[in-house]
Amino acid sequence: MSERWASFDCYGTLIDWNGGIAAALRRLWPGEEHDRLLERYHEIEPRVQIGSAASYRDVLREALVLLAGHEGLPLVPGEESALADSLPLWPPFPEVPDALAELRARDWRLAILSNSDPDLLDASLLAIGVPVDLRVTAGQAGSYKPAHGHWEQLFAHPGVERGRHAHVAASLFHDLAPAQELGLTAVWINRLGETSDLPRAAELTELSRLPETLDALVPA
């Protein structure tokens with residue numbers, strides 16, 4: 001029997017993306033309404049990424065500068081890189097290390113498909129503390145998700161078969177929508193209590209029950 005592969009988005013699924021960004025925004029602008037700023041940031045970043053060949057570090061920088069400009073907020077010179085500088089400190093969600101370790105114990109191969117840069121992703125995976133078998137970043141894919149380049153790289157890797165694979169992610173825009181377009185088995189990690197009509201093979205609020213969920217979807 002061929003190997004089973006689980007691919008993951010990293011930020012928002014494994015690493016607390018919203019918490020990390022919100023903490024940086026609170027430090028930069030302590031008197032502002034941070035929920036509103038976070039929502040605006042999530043509108044801006046995908047627009048910066050579309051068709052871009054820039055590094056994720058540069059995307060974070062440009063999106064933060066645009067947010068400050070749109071909101072009329074001061075940005076001290078040197079703070080334009082505040083998000084990228086803080087990203088290596090963003091923590092994994094509490095259940096993530098144990099869930100990934102259990103998947104490895106059940107002979108799942110693990111891949112990370114991330115819009116991040118290699119050095120930033122390395123820092124996040126070090127914080128998680130569980131080895132992965134394959135990682136694909138935006139630079140390797142030649143595009144940012146929701147473009148399909150990450151999955152094209154994944155399925156070009158020897159031994160990765162669509163019928164023995166599931167993709168696990170929190171983002172509807174970056175991951176669930178392209179998973180539908182590609183006809184992939186997808187598990188939605190709905191941490192924010194969102195609603196969606198996008199198809200998914202399973203929906204969880206976090207990763208504690210992911211090992212048995214994936215075993216049911218792709219039996220050993």
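The values are calculated or read from the model by the stated rules, or taken from the named source; none is laboratory data. What you see is a predicted model; the values in this text were computed from it and never measured. Don't worry about glycine lacking a Cβ; one is built from the backbone with ideal geometry, like all the others, and counts go over all protein chains shown. The protein model used for the area step is the full one, side chains on, heavy atoms only, and it has no ligands, DNA or RNA in it. Shrake-Rupley method; radii C 1.70, N 1.55, O 1.52, S 1.80 Å.
Details
- Take every DSSP beta bridge whose two residues both sit in the chain; close to 5 percent of them are antiparallel.
- Pairs of Cα atoms nearer than 8 Å and 6+ residues apart set the relative contact order; for region 55-179 it is 20 percent.
- Pairwise label distance in nanometres, residue 40 with residue 2, each label 7 Å out on the Cα-Cβ vector: 4.8 nm
- With the helix formula -39500 (n - 2.57) applied to DSSP H stretches of n ≥ 4, the chain reaches a computed 222 nm mean residue ellipticity of -12500 deg cm²/dmol.
- HN-Hα J in Hz across region 126-135 - Karplus 6.51, -1.76, 1.60, θ = phi - 60°, x for Gly and Pro: 5, 5, 5, x, 10, x, 10, 8, 7, 9
- In region 1-55, taking the dipole from charged Cβ atoms about the Cα centre, the farthest positive-side position among 50, 6, 18 is held by 50.
- About its Cα centre, region 1-51 has a charge dipole of approximately 100 debye under the convention of +1 per Lys or Arg Cβ and -1 per Asp or Glu Cβ, with nothing else charged.
- Among 86, 114, 196, residue whose mean-square fluctuation peaks in a GNM of the chain (springs only between Cα atoms under 10 Å): 196
- Contact order relative to length of the chain, as percent, for alpha carbon pairs under 8 angstrom and 6 or more apart: 25 percent
- A Cα-only calculation for region 98-195 places Rg and Dmax at 13.3, 36 Å.
- For residue 8, nonlocal amide neighbours, meaning residues 5 or more places apart or on other chains whose placed amide H falls under 5 Å from its own, are 111, 112, 113, 168.
- Overall Cα dimensions of the chain, principal axis frame, Å, largest first: 58, 34, 32
- GNM result for the chain, Cα springs below 10 Å: residue of 13, 195, 137 fluctuating most strongly: 195
- Computed magnitude of the charge dipole of region 87-211 (debye, nearest 20; Cβ of K, R +1, Cβ of D, E -1): 220 debye
- The long axis of helix 34-49 is offset from the longest Cα principal axis of the chain by roughly 70 degrees.
- Heavy atoms of residue 117 accessible to a 1.4 Å probe, total area in Å² rounded to 10: 20 Å²
- Among 201, 138, 156, the largest mean-square fluctuation in a Gaussian network model of the chain (Cα springs under 10 Å) belongs to 156.
- For the chain, the residue among 144, 213, 84 whose Cα projects farthest onto the positive side of the dipole built from Cβ charges is 213.
- Heavy-atom accessible area per residue - the chain, 1.4 Å, Å²: 45 Å²
- 3J(HN,Hα) from dihedral phi, region 205-217, Karplus parametrisation 6.51/-1.76/1.60, rounded to Hz, x for glycine, proline: 8, 6, 9, 4, 9, 5, x, 5, 5, 5, 4, 5, 6
- Approximate shape of region 41-166 as ellipsoid semi-axes (Cα gyration tensor, √5λ), whole Å, largest first: 30, 18, 11
- For region 1-90, the relative contact order comes to 31 percent (Cα pairs under 8 Å, sequence separation of at least 6).
- Under-5 Å amide H pairs with residue 16, H placed in peptide plane, nonlocal only: 93
- Counting only protein heavy atoms and a probe of 1.4 Å, the accessible surface of the chain is 52% carbon and sulfur.
- Residue 117 long-range amide H proximity, modeled H, under 5 Å: 56, 57
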